[in-house]
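Bear in mind that the values in this text are calculations on the coordinates, not laboratory data. Keep in mind that what you see is a predicted model, and the values were worked out from it rather than measured. Cβ sites come from the backbone with ideal geometry, for glycine too, and all protein chains shown count toward neighbours.
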Amino acid sequence: MTRSIGIVLAGACIVAGCGEMAMRPAAMSGPSATKSDMTFFITSIGSGKGADYGGLEGADRHCQMLADAAGAGGRTWHAYLSTQGPNPVNARDRIGKGPWRNANGYVIAYNLDELHASNGITKQTALTEKGEVVNGRGDTPNRHDILTGSKPDGTAFGDGEDMTCGNYTKSGDIGSVMLGHHDRMGNSPPPAGASWNSAHKSAGCSDPLLAKTGSAGYLYCFATN
């Protein structure tokens, strides 16, 4: 029966000209999807110290801790973050090859190219490790600014202006970090305003200055295996 419905829906999309998003698998629920199947989430809490996670390793531990608590600790989790400096790290190079599914089993991207071109990240699909929707633009408080420190293609910024809050070690007024909009909405001119990973930089690195532009210091977490 499920197969028949899928064939009918696929045929309808071909006739109606549905976009790629319509062809993605529907989000699973109940026994069909378990937290152990989850390979992508937004953190439900920040560091408590603004953009300071103690560097990449600390950010990865944060992702792993939340995944463990949610029942998805059987995988290795990394934060989607790039770094700057003599040996820059690209966020896209540290998150595995996909596919990545949210807590409900919905595939947000099958591979790195799709993730950075036509992914399925929206406010409704970019869920926390608990399967909860994260506040977006229009909600109070707005929390749609997710820390990435990355360019749209998932690579690092060059030396010069701080775009990573000192590689995620700063929690004060000095510095900034590149942010993405998980809800794909914002004031920035397109495509920046709709960018999930590179919409605009923060006003600073502290909790109050992150909140000023709509951030709670949350991270994107991806399972590397």
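Between Glu132 and Asp173, what is the label-point separation in nm under the 7 Å Cα-to-beta-carbon projection?
3.2 nm
Taking a threshold of 22 Å on the Cα-Cα distance, which of the pairs Lys170/Lys201; Lys170/Lys212; Lys97/Lys201 fall above it?
Those over the limit are Lys97/Lys201.
Grab the Cα-Cα distance for Met65 and Asp37, subtract it from 0.36 nm times how many residues apart they are, and report the gain in nm with one decimal. Write down the numbers at each step before the final one.
Numbers: separation 28, 0.36 × 28 = 10.08 nm, distance 1.64 nm.
Value of the extension gain: 8.4 nm.
Can you sort Glu161, Glu129 from fewest to most other Cβ atoms within 10 Å of each residue's own Cβ?
Numbers: Glu161 11, Glu129 26.
Going from sparsest to densest Cβ surroundings: Glu161, Glu129.
Count charges around Thr213 for me, please; just the other residues with Cβ under 15 Å from its Cβ, Lys/Arg as +1, Asp/Glu as -1.
-1
Using Cα positions and a limit of under 16 Å, work out the lysines in reach of Lys130, with same-chain residues fewer than 8 apart set aside.
Lys35
Please list, in chain and number order, the residues 5+ apart from Ser198 or on another chain whose amide H is under 5 Å from its amide H, with Hs placed from the backbone.
His181
Could you work out how far helix 55-70 tilts from the main Cα principal axis of the chain, as a 0 to 90 degree angle to the nearest 10?
40 degrees
How long are the three semi-axes of the equivalent ellipsoid for the chain, computed from the Cα gyration tensor as the root of 5 times each eigenvalue, in whole Å, largest first?
Semi-axes from the Cα gyration tensor: 30, 19, 16 Å.
How do His182, His116 line up, fewest other C-beta atoms within 10 Å first?
Starting with the residue having the fewest Cβ neighbours, the order is His116, His182.
So what's the angle, to the nearest 10 degrees on a 0 to 90 scale, between helix 2-16 and the longest Cα principal axis of the chain?
Computed tilt is about 80 degrees.
Report for the chain the percent antiparallel among DSSP-assigned beta bridges with both residues inside it, nearest 5.
Working: 15 of 17 bridges.
Taking every DSSP beta bridge within the chain, about 90 percent pair in antiparallel fashion.
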